[in-house]
Amino acid sequence: MGFRVVPAAYVLLIDADARVLLQLREGTGYRDGFWAAAAAGHVEAGETVHAAACREAAEEVGVTVDEADLVPLTTMHRTHGNGRGIDERVDFFFTCRRWSGEPRTMEPDKSAGLRWYALDALPDPVVPHEKHVLDGLAAGDLPVITAFGFR
């Protein structure tokens, strides 16, 4: 069998004050107790990454995002280095500064809440690979393609 990766879409909602919306993970089984992008998830079969990003924004925070408002930020090739297929990833990160609706917790069984944070004042802890992206966004030096978790 050939090498496979799991694709995921991340939408970093950025408000007029240049703050990012994060959610506190809870009840997911992965990085519970960590802050993370408010809208993110796997790309489903037959779905474009743009469609996945818009779907996740609606499902997780109840906002409508137009694909035209998604600004590509970086693509991250990521591994946990454990050989498990589920832990081999390609993550597509977008920023979005325009949406309709008021962000709110749509999946209370997976989130302990939402909060806006300045990029230079992030909470602790943030999911490590997402913190890498947020720090790069804040510094203005994030490469178009990044790798995370490799030796």
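Here, each number is a calculation from the coordinates, and none is a lab measurement. The model shown is predicted, which means the values in this text are computed figures rather than measured ones. A quick note on method: Cβ atoms are made from the backbone with ideal geometry, for glycine too, and the neighbour counts reach across all protein chains shown.
Place the peptides 107-113, 54-60 in order of packing, highest mean first, counting for every residue the other Cβ atoms within 10 Å and averaging per peptide.
On the way: 107-113: 13.4, 54-60: 20.4.
The packing order, highest mean first, is 54-60, 107-113.
For the chain, which semi-axes, largest first and in whole Å, follow from the square roots of 5 times the eigenvalues of its Cα gyration tensor?
Working: eigenvalues 98, 60, 55 Å².
So the three semi-axes of the chain are 22, 17, 17 Å.
Only loop residues by DSSP count here, and only those with at most 14 other Cβ atoms within 10 Å; note down the chymotrypsin sites (Phe, Trp or Tyr not before Pro) in segment 1-85 that meet that. Spell out each step's value before the answer.
Values: sites: 3, 10, 30, 34, 35; in loops: 3, 30, 34.
When the chymotrypsin sites (Phe, Trp or Tyr not before Pro) of segment 1-85 are filtered for loop state and at most 14 Cβ neighbours within 10 Å, 3, 30 remain.
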**Q.** Percent of alpha-carbon pairs separated by more than 16 Å within segment 48-108
**A.** 53
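Report the trypsin sites (Lys or Arg not before Pro) located in segment 1-54 that are in a DSSP loop and have at most 16 other Cβ atoms inside 10 Å of their Cβ, or state none. Kindly include the intermediate steps, with their values, before the conclusion.
Values: sites: 4, 19, 25, 31; in loops: 4, 31.
Sites meeting the loop and neighbour criteria: 4, 31.
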**Q.** Kirkwood Rh (inverse of mean 1/r, distinct Cα pairs), segment 75-151, angstrom
**A.** 14.7
Q | Label point distance in nm, residue 121-residue 4, each placed 7 Å from Cα along Cα→Cβ | A | 4.5
Q) Relative to the longest principal Cα axis of the chain, at what angle does helix 49-61 sit, 0 to 90 degrees, rounded to 10? A) 50
Q.
Springs between alpha-carbon pairs under 10 angstrom, Gaussian network model over the chain: which of 85, 29, 101 fluctuates most?
A. 29
